[in-house]
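For reference, the structure is listed below as structure tokens.
The values are calculated or read from the model by the stated rules, or taken from the named source; none is laboratory data. These numbers come from a predicted model, not from an experiment. When we count neighbours, we look across all protein chains shown, and the Cβ atoms used for this are built from the backbone with ideal geometry, even at glycine. These area figures cover heavy atoms from the full protein model, side chains too; ligands, DNA and RNA do not enter into them. Shrake-Rupley method; radii C 1.70, N 1.55, O 1.52, S 1.80 Å.
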Amino acid sequence: QVQLVESGGGLVQAGGSLRLSCAASGSIFSRSVMGWYRQAPGKQREFVALITSSGTTNCADSVKGRFTISRDNAKNTVNLQMNSLKPEDTAVYYCRSVIGPNLYWGQGTQVTVSS
């Protein structure tokens, strides 16, 4: 069983920055594919960014050039650096871990960007 705990959300003005972190339990974190997803009110959850066990990253077109995902296997954490935030980035952000056939989600952290 893997537990994921997100932190770092909050209220920020448009153009500002936030850094989200996700702390994972378990000893097999380094083998997992870690990702960030978000869900705005009334919308479906959508992909934001992911990072593989080898460090390969991918992100949604809507956040390219603004968001950066990284991981620290020694600390079992994955981070999402969010710059140049826009009001449309407002959502609950969820951390996700995929290890083999198993999928885990965190409880989410709210990010609100004011105009």
Checklist entry - Counting only residues that are open to solvent by 50 Å² or more (accessible area, probe 1.4 Å) and β-branched (Val, Ile, Thr), how many does segment 6-27 have? => result 0
Checklist entry - Could we say that Arg71 is among the basic types (Lys, Arg), closer than 15 Å to Glu6 by Cβ and touching a residue at least 24 places away in the same chain (Cβ under 8 Å) here? => result yes
Checklist entry - Quick check: is even one residue across segment 36-47 open to solvent by 20 Å² or more (accessible area, probe 1.4 Å), of a type in the set (S, T, N, Q), over 17 Å from Thr112 (Cβ atoms) and at pLDDT below 95? => result no
Checklist entry - Restricting attention to segment 73-85, does a residue exist that is among the basic types (Lys, Arg) and open to solvent by less than 20 Å² (accessible area, probe 1.4 Å)? => result no
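Would you check which residues across segment 95-108 are in a strand (DSSP E or B) and surrounded by 21 or more Cβ atoms within 10 Å (Cβ to Cβ) and list them? Working first, answer last.
Looking only at segment 95-108, we keep the residues that are in a strand (DSSP E or B), and these are 95-99, 102-105.
Matches in segment 95-108: Cys95, Arg96, Ser97.
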